1. Note down all Cβ pairs under 6 Å where the first residue falls in segment 206-231 and is at pLDDT 80 or above, the second is assigned to a strand (DSSP E or B) and surrounded by fewer than 20 Cβ atoms within 10 Å (Cβ to Cβ), and they're at least six residues apart or on different chains.
2. Do any helices (runs of 4 or more DSSP H) entirely within segment 154-212 hold 2 or more residues that are within 21 Å of residue 131 (Cβ to Cβ), and if so, which?
3. Identify, from the list 349, 339, the residue that is within 23 Å of residue 514 (Cβ to Cβ), assigned by TED's automatic domain parsing to the domain that holds residue 32 and either over 22 Å from the mean Cα position of the chain (by Cα) or buried (at least 24 other Cβ atoms within 10 Å of the Cβ) (or both).
4. Could you list, in sequence order, the residues of segment 404-430 that are assigned to a helix (DSSP H, G or I), buried (at least 20 other Cβ atoms within 10 Å of the Cβ) and under 23 Å from the mean Cα position of the chain (by Cα)?
5. Name every residue in segment 376-396 that is under 27 Å from residue 280 (Cα atoms) and out of contact with any helix residue (DSSP H, G or I) (no Cβ under 9 Å at 6 or more places or on another chain), in order of residue number.
6. Being on the phi > 0 side of the Ramachandran plot, at pLDDT 95 or above and under 22 Å from the mean Cα position of the chain (by Cα) is the filter; apply it to segment 6-63 and report the residue that is surrounded by the most Cβ atoms within 10 Å (Cβ to Cβ).
7. Among the numbered criteria (1) part of a loop (DSSP other than H, G, I, E, B); (2) touching a strand residue (DSSP E or B) at 6+ places or on another chain (Cβ under 8 Å), which single criterion is violated by residue 386?
8. For segment 398-439, give me each residue that is out of contact with any strand residue (DSSP E or B) (no Cβ under 9 Å at 6 or more places or on another chain) and closer than 14 Å to residue 503 by Cα.
């Protein structure tokens, strides 16, 4: 039997070589077309995208593994669309500062049609409570019923034992800020935006938060923020003026060890009218059975998110946020992986799942839902390999697999990279926290060894600085903008290479003897062991 599985691995490589650009291109072209209107969650275009993915799996003969024998796992969500009448002001002494919707302010209430606030405001630095680093921005300050004002990001560090050094930890993510504020009973949480702390400009905040906000439904009676949102750095200057400091000075204060909350000398008032609707979105899920009766109940999961921002504020006359790079590319690649996997004969020892999740752009909601309601037990999930946002500029000679080094898969991943003659590069932008910004993180938090495969920055045949230039151009001008569109001029060589690379990792994991886990000392190891994997 070992000979058969060894042959399966070789066959897998051959089928990996058959992964083709024209098929990936065709999927990207359709998923990013104007017909799908930006694949918004709970919209006609989003539903069409999910149906398309399911139909492609069905054509391939991939088994439906969702609810009631379908390809769909229903994900209950709530959409909250802020109305232009939204207002926010801050009064200190005789001065009243008014923040204009979308120019100064963006955000949403939580499932409330007429939310409002009238409360004291407290500046809590980065809003982090991290006892393992000896850091507590809240201290013993009671913020129940108050507005907390803070920065995203975390204290700067070059020490890997203090907030991960240059690499952002989850404490730096905006999702953590809102979660912690809600846990502490705050009535609202407002992030003061800077490009340096957020790693993107105000235009991204405006386009992402100035539209319907998709949220997970919460249990009745659970505390939720009346408003969660952002203001610009310039608006922060006006907010902080009564303290005698500007935004950059308050950020410097937040970065200082020993920070203590600062009560802002005024009251914050706001009215947040919204349209609220409950909806059901869909994760799309299909599986291919493994060949080893002793291991076919264990799975390698390939993921990509199908959603983008839908229709929104027009930019240069275009209001469709197509999401071609983000993430029609990843979906197309996972579809091609499913086709290649189905063609294997014999199949790998373990089974494979192809999971297309919803609502990633709203805070990884679809993958979080799957992690809380897994189709197969998390303790029997060998690994999750995620695909999210690939550049159409050719092949790179390096690859990023940030997070893989934390798992027992690291040697395997390095070996596959060597076979593909790819250099494994360190994250060139660790301060941006990419590991926490894609769907593998939801599975990782649940204990599954998980990471994303991403292109490197060294493009074959291009000058050394080319990769950084195209990254900055996309991040500054196209990320979460209508201009993230498909073009016939796109070069798919890099996507082909990354698909083959991820396919081969999946094959090797599927044929390995032991279930992978997290390395000794990693905080997620205990989560993995609670699922029965040691």
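The values are calculated or read from the model by the stated rules, or taken from the named source; none is laboratory data. These numbers come from a predicted model, not from an experiment. Cβ sites come from the backbone with ideal geometry, for glycine too, and all protein chains shown count toward neighbours.
1. Qualifying pairs under 6 Å: 212/81; 215/78.
2. Numbers: elements: 174-183, 195-198, 202-209.
Fully inside segment 154-212 and qualifying: 174-183.
3. Working: 339 fails: within 23 Å of residue 514 (Cβ to Cβ).
Criteria check complete, one pass: 349.
4. 404, 406, 413
5. Quick first cut of segment 376-396, residues under 27 Å from residue 280 (Cα atoms) only: 376-378, 381, 384-389.
Answer for segment 376-396, where residues must be under 27 Å from residue 280 (Cα atoms) and out of contact with any helix residue (DSSP H, G or I) (no Cβ under 9 Å at 6 or more places or on another chain): 376, 377.
6. Kept after step one, since they are on the phi > 0 side of the Ramachandran plot, are these residues of segment 6-63: 37-39, 42, 61.
The next check asks that each one be at pLDDT 95 or above; those that pass are 37-39, 61.
Now narrow it down to the ones that are under 22 Å from the mean Cα position of the chain (by Cα): 37-39.
Numbers: 37: 20, 38: 24, 39: 31.
The qualifying residue surrounded by the most Cβ atoms within 10 Å (Cβ to Cβ) is 39.
7. (1)
8. If the condition is that a residue be out of contact with any strand residue (DSSP E or B) (no Cβ under 9 Å at 6 or more places or on another chain) and closer than 14 Å to residue 503 by Cα, then 412, 415, 416, 419 are the ones that fit.
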